[in-house]
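Following: one structure in structure tokens, then a few remarks.
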Ligand code: RNT
Ligand code: ZN
């Protein structure tokens with residue numbers, strides 16, 4: 001234990017905050033790290049369509065993982081530099097097989113190597129159907145496509161991902177969140193939004209009709225405001241999925257890049273949590289649009305952490321990340337981004353929550369203001385450093401050296 005931590009612990013105690021309890025709570029919060037930051041959302045299948053869907057990684061920084069083995073090596077490095085036990089969020093396009101099954105042919109065995117690896121690493125698994133980067137998605141319509149054959153293709157894909165995810169959850173002894181995001185939308189103003197939304201609902205209903213035990217599989221649905229190429233209308237809007245999740249008992253996924261740029265996503269949690277049991281977050285950083293920048297210790301992320309803690313929502317929120325930047329070291333993006341999410345949670349856990357809430361209840365907004373601002377100077381960094389040390393993860397210069405050395409080691413991949 002460092003003397004820096006000793007004195008920080010005392011400072012927090014003087015504010016009525018137990019730093020040990022905060023660290024113990026943080027250690028129990030798994031972050032589901034997304035596999036797609038490691039290879040610029042390319043995946044490991046023989047591609048039949050454009051990347052599409054309005055999502056795009058830009059940049060050509062050397063070191064992109066080209067194979068499952070390379071991606072796993074990069075992930076192992078990343079997890080070793082992130083304190084605590086976490087999860088991997090895998091997309092169906094990341095199958096590990098020589099068979100080249102199409103999306104409507106995938107089976108558990110095509111993903112079994114990931115499960116073996118995750119077991120060995122002590123990492124939980126989450127999953128996603130992939131409704132983009134395929135010839136059947138080139139119209140930016142999948143589950144809401146007017147062609148029944150195309151809808152059926154994607155329904156079959158979705159059904160298979162649920163079976164695979166449930167098996168993963170059973171193997172891992174921890175429910176696998178299977179998150180559904182479809183790119184469906186229109187570049188220009190549609191004239192029959194109702195038809196598209198009815199098709200999407202009917203397709204989802206079929207995809208989700210088989211019941212699974214919640215101890216193995218948790219279905220989630222993710223809305224979006226717009227994307228490149230789907231500027232005018234997204235079929236699966238926030239209102240569409242909020243209603244769908246409430247009616248069908250699925251998780252609702254809130255991606256921080258999928259709302260109007262002036263909306264505060266943290267503000268939505270407490271409202272949504274009154275109507276849906278469990279939430280999934282895609283913590284991301286939109287810059288002017290759904291740009292998926294790596295998350296910083298920005299106000300948005302800090303507010304998200306505080307809202308999760310202060311609203312008591314950690315128990316029923318699954319925290320996933322969703323960013324991808326190909327202009328910087330991909331492993332550094334994972335490590336720094338994931339740690340930033342943890343830092344936001346730790347800061348919230350170290351705030352004088354009871355005192356702040358009491359001030360608000362007493363309508364003492366001056367006190368709430370003073371406490372909020374003064375607490376920004378509390379020695380959070382010393383507690384974070386202690387947390388990292390206890391979990392064998394480096395900080396500061398040592399972290400920078402580790403990230404630098406790894407980035408250099410993968411640069412020859414091109
Ligand atoms: C796209 C959604 C979706 C994807 C991933 C790859 O706008 O945010 O979550 O980023 O599924
Ligand atoms: Zn997302």
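Coordinate-derived values only; no laboratory data. Being a predicted model, the structure only gives us computed values, none of them experimental. Counting neighbours? That spans all protein chains shown, and the Cβs are built from the backbone with ideal geometry, glycine included.
For this structure, a couple of remarks:
- Whole-angstrom Cα spans of segment 236-385 along principal axes, big to small: 42, 42, 27
- Rel. contact order, % - alpha carbon contacts under 8 angstrom, at least six apart, the chain: 21 percent
- Amide N proximity, segment 169-197 versus residue 239 label position 7 Å along Cα-to-Cβ, cut-off under 16 Å: 190-197
- Ordering of 305-312, 373-380 by packing [mean C-beta count within 10 Å, highest first]: 305-312, 373-380
- Percent of alpha-carbon pairs separated by more than 17 Å within segment 265-339: 45 percent
- Taking max minus min of the alpha-carbon positions on each principal axis, segment 90-190 gives extents of 49, 26, 17 Å, largest first.
- Proxy reagent accessibility, fewest Cβ within 10 Å first, across 253, 176: 253, 176
- Fluctuation leader among 211, 183, 113 - the chain, Gaussian network, Cα springs under 10 angstrom: 211
- Note on the chain: with a GNM built from Cα contacts shorter than 10 Å, the maximum mean-square fluctuation among 366, 275, 298 falls on 366.
- Ordered by the count of other Cβ atoms within 10 Å of each Cβ, fewest first, 94, 79 give 79, 94.
- Each helix, a run of at least 4 DSSP H residues, gives -39500 (n - 2.57); summed and divided by the residues of the chain, these come to -13500 deg cm²/dmol at 222 nm.
- Spin-label model, residue 189 to residue 105: label points 7 Å out along the Cα-to-beta-carbon direction sit 4.4 nm apart.
- Taking the longest Cα principal axis of the chain as reference, the axis of helix 193-207 is set at about 80 degrees.
- A crude spin-label estimate for the pair residue 293 and residue 147, with each label 7 Å from Cα along the Cβ direction, gives 3.9 nm.
- Cα-based Kirkwood hydrodynamic radius, segment 120-267, one decimal, Å: 15.9 Å
- Using alpha-carbon coordinates, inclination of helix 299-310 to the longest axis of the chain, degrees: 80 degrees
- For segment 61-132, alpha-carbon Rg over 2.2 N^0.38 Å: 1.15
- The average projected area of segment 329-414, computed from the convex hull of its Cα atoms over all directions, is 7.1 nm².
- Relative to the longest principal axis of the Cα atoms of the chain, the long axis of helix 3-14 makes an angle of roughly 90 degrees.
- Of the two radii for segment 20-157, the radius of gyration is 1.02 times the Kirkwood radius, both from the alpha carbons; that is the Rg over Rh value.
- The chain: Cα Rg divided by the 2.2 N^0.38 Å rule of thumb: 0.99
- Largest GNM mean-square fluctuation among 331, 67, 250, using the chain with Cα springs under 10 Å: 67.
- Expressed per residue, the C-alpha convex hull volume of segment 228-301 stands at 97 Å³.
- Rounded to the nearest 5, the antiparallel percentage of DSSP beta bridges internal to the chain is 15%.
- The value given for segment 183-320 is a Kirkwood hydrodynamic radius of 15.9 Å, derived from the mean inverse Cα-Cα separation.
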